[in-house]
Amino acid sequence: MLLADQYVEHNDTLDRLLRAGSKSEPDAHVASAQRLASATRTAIKAVTDERLYESPELSDAVVRLQQLAFLSSASTDHRLPMARTLTALAPEAAMSCADSIAHEIRRRRWSTTDAPDHQLTATQRTALWEIACGHVVATRSLGRQYVHYRDERVLIGTLRSLEANGLAERVPNSASSAYTGGPLQDRVRLTAAGITDLAAAISRPITARPPGTTPAPAPTAATTATRSR
């Protein structure tokens, strides 16, 4: 998840450089891309050091990480527009790998003692996932705040709840504009606490309802007949 966040930051930086046009250096993205390639290779080593039993899901996750490392390294040989394209889907890919790897680890080393202190609701977990994928930005207009998301719906109330719990934060004017010539938007990113809570929550079943709200069993034919008298 830290890797996904680094890719989100990298892509936002490239977007701002592209916005600057000719004022930016053509190879301004190179150092960042090289760091990402190195960080991705470090993530691959961390997975292999776990010595998990080989499975198709785990193998696919490692291959995707290898592809990310290759694309990040290859982007240093291209100018900004193509470099941005090569890492465009990296945050989502990194999160998909994290989910697969977490599932494989928990399937073999299941523990009920590693739950986070802050129990996430299904809505919060969905929002944190979207944020980690780089899908959420915030804007202001005429004194009102708005949240823009891509896949799963994220409401302003949910964002405020995550911020109040120290799980998410806004980085002002760090994301690309919503339209050509428009103002920069505020990227919403996970805090260290948000990353920790989401890491502990992924690949776990979502509790559909809080304790004590389990619906009563459906009435039998006999009870239904009794009530209708």
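Regarding Asp77, is this residue open to solvent by 60 Å² or more (accessible area, probe 1.4 Å) and assigned to a loop (DSSP other than H, G, I, E, B)? Criteria met by Asp77.
Under the condition of being over 22 Å from Gly182 (Cβ atoms) and open to solvent by less than 30 Å² (accessible area, probe 1.4 Å), which residue from segment 6-29 is modelled with the highest pLDDT?
Our first condition is that a residue be over 22 Å from Gly182 (Cβ atoms); within segment 6-29, this holds for 6-7, 25-29.
Those still in the list that are open to solvent by less than 30 Å² (accessible area, probe 1.4 Å) too: 7, 29.
Values: Tyr7: 97, His29: 90.
By that ranking, first place goes to Tyr7.
Would a scan of segment 98-111 turn up a residue that is surrounded by fewer than 13 Cβ atoms within 10 Å (Cβ to Cβ), at pLDDT below 95 and assigned to a helix (DSSP H, G or I)?
Step one: of segment 98-111, the residues surrounded by fewer than 13 Cβ atoms within 10 Å (Cβ to Cβ) are 108-111.
Among the residues that remain, those that are also at pLDDT below 95 are: 108-111.
Then keep just the ones that are assigned to a helix (DSSP H, G or I); that gives 108.
Taking every residue of segment 98-111 in turn, at least one turns out to be surrounded by fewer than 13 Cβ atoms within 10 Å (Cβ to Cβ), at pLDDT below 95 and assigned to a helix (DSSP H, G or I).
Out of all the residues in segment 158-182, which are assigned to a loop (DSSP other than H, G, I, E, B), touching an Asp or Glu at 6+ places or on another chain (Cβ under 7 Å) and aliphatic (A, V, I, L, M)?
Initially, segment 158-182 is screened for residues assigned to a loop (DSSP other than H, G, I, E, B), giving 165-167, 176-182.
Still in the running and touching an Asp or Glu at 6+ places or on another chain (Cβ under 7 Å): 167, 176.
Correct list: Leu167 only.
Within segment 141-150, the residues that satisfy the criterion of being assigned to a loop (DSSP other than H, G, I, E, B) and surrounded by fewer than 12 Cβ atoms within 10 Å (Cβ to Cβ) are Leu142, Gly143. Criterion applied to Ala164, Ala201, Ala193, Ala138 was being surrounded by 18 or more Cβ atoms within 10 Å (Cβ to Cβ) and at pLDDT 95 or above, and the one residue passing it is Ala138.
For Thr85, state whether it is loosely packed, with under 15 Cβ neighbours inside 10 Å and β-branched (Val, Ile, Thr).
Working: loosely packed, with under 15 Cβ neighbours inside 10 Å: yes; β-branched (Val, Ile, Thr): yes.
Yes.
Applying a threshold of 8 Å to beta carbon distances and a minimum spacing of six or more residues, or different chains, the list of pairs starting in segment 127-142 at a residue that is at positive phi and of a type in the set (Gly, Ala, Ser) and ending at one that is outside any helix (DSSP H, G or I) and open to solvent by 10 Å² or more (accessible area, probe 1.4 Å) reads Gly134/Arg187. For Glu130, the conditions (1) buried (at least 17 other Cβ atoms within 10 Å of the Cβ); (2) more than 19 Å from the chain's Cα centre (by Cα); (3) over 20 Å from Arg35 (Cβ atoms) all hold with the exception of (2).
The values are calculated or read from the model by the stated rules, or taken from the named source; none is laboratory data. If you're wondering where the values come from, they're calculated on a predicted model, not measured in any experiment. Every residue, glycine as well, gets a Cβ built from its backbone with ideal geometry; the counts of neighbours run over all protein chains shown. For accessibility, only protein heavy atoms count, side chains too; no ligands or nucleic acids. Shrake-Rupley method; radii C 1.70, N 1.55, O 1.52, S 1.80 Å.
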